[in-house]
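Here is the structure we will look at, set down as structure tokens.
All of the numbers you see were taken from the coordinates with simple rules; none came from a lab. Everything quoted here is computed from the prediction, not taken from an experiment. Neighbour counts run over all protein chains shown; Cβ positions are idealised from the backbone, glycine included.
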Amino acid sequence: MDITQISEKEKKARARKMMLWFGIVSLIMGFAGWTSAYIVSSSREDWLADFELPSAFLYSTLVILFSSLTYMLAQRAVKQDQPKMATNWLMATFVLGITFIVLQIFGFSQMVAQGYYFTGPTSNITVSFIYVIAAVHILHVLAGLVTVLVVLINQMKQKYTAGEMLGMEMGATFWHFVDLLWIYLVLFFYFY
């Protein structure tokens, strides 16, 4: 297909998708930098080699995996012309996203209960890295929740159809990225 034959609508859709991917790549670079700093810092004498992630972080991983599944089911429902079902799946995705954040905060409280603080005389570089990386990830989940909310509102207004799903697709791409990012992070912390 000749580039001059692409409609204005398709050009805008491509541009929006490209901007989303630029943002995702920049986020990947940021988290790669933080996890690289984590690796480099692990050679310090005060590094905690035996630190275990809070159980709430592992439960939150399951929750975020289910949230990706519910988002995919919402997309499938739109393609099958089941708007009410799509709305229900998007609501489930939103609730699971909030549950993920609550579990993350509970994970932080588990670390504090074990005596691991972010800063101060009893803090440790290992745990401080985990606090920072997890907190920054939570900020991105919050951004993802905003996108889910926008998609949910648009879905309730019946703006999506099998042939018109750009906003939902872009929201899903970001949401799945944030989900995969957490899976990478939890595996990284667990096995490194």
Q: Work out, step by step, the length gained on full extension between THR161 and SER36: first 0.36 nm times the residue separation, then minus their alpha carbon distance; give nm to one decimal.
A: 40.8 nm
**Q.** Cβ-defined net charge surrounding ILE24, 14 Å radius [Lys, Arg +1; Asp, Glu -1]
**A.** 0
Q) If one computes the Cα centroid of region 76-151 and of region 152-177, what distance in Å separates the two points? A) 20
**Q.** Pair ASN154, ALA13: separation of 7 Å Cα→Cβ label points (nm)
**A.** 1.2
Q | Between helix 8-41 and the chain: long-axis angle, C-alpha atoms, 0 to 90°, nearest 10 | A | 10
Q.
Which one, ILE101, THR119, SER55, is farthest towards the positive end of the dipole of region 1-120 when Lys and Arg carry +1 and Asp and Glu -1 on their Cβ?
A. ILE101
Q) Can you give me the pair-distance distribution of region 1-101, C-alpha pairs, 10 Å bins, whole percents? A) 13, 19, 33, 21, 11, 4, 0
Q. Tell me, what is the percent relative contact order of region 26-124, built from C-alpha pairs under 8 Å that lie six or more residues apart?
A. 30
Q. Looking at this model, which pairs from LYS11/LYS79; LYS84/LYS159; LYS12/LYS79; LYS11/LYS84 are more than 24 angstrom apart at the alpha-carbon?
A. LYS11/LYS84
Q: Could you point to the label whose value was computed as Rg/Rh (Cα atoms, Kirkwood Rh) for the structure here, given [x] 1.09; [y] 1.06; [z] 0.99?
A: [y]
Q.
Whole percent per 5 Å bin, from 0 to the bin with the longest distance: what is P(r) over all C-alpha pairs of region 132-192?
A. 4, 18, 23, 19, 13, 10, 7, 4, 2, 0
Q.
Between helix 55-79 and the chain, what is the angle of the helix's C-alpha long axis to the longest principal axis, kept within 0 to 90° and rounded to the nearest 10?
A. 0
Q. Can you give the angle from 0 to 90° between the axis of helix 125-156 and the longest principal axis of the chain, with both taken from C-alpha atoms, to the nearest 10?
A. 20
Q) With a sphere of radius 13 Å drawn around the Cβ of GLY171, what net charge do the other residues whose Cβ falls strictly inside it have (Lys, Arg +1; Asp, Glu -1)? A) +1
Q) If you take the alpha carbon radius of gyration of region 76-144 and divide it by 2.2 N^0.38 Å, what ratio comes out, to two decimals? A) 1.59
Q.
Multiplying the sequence separation of VAL102 and GLN82 by 0.36 nm and subtracting their Cα-Cα distance, what value in nm do you get?
A. 4.1 nm
Q) Do the sum for the chain: with -39,500 (n - 2.57) for every DSSP H run of n ≥ 4, divided by all residues, what is the mean residue ellipticity at 222 nm, to the nearest 500 deg cm²/dmol? A) -28000 deg cm²/dmol
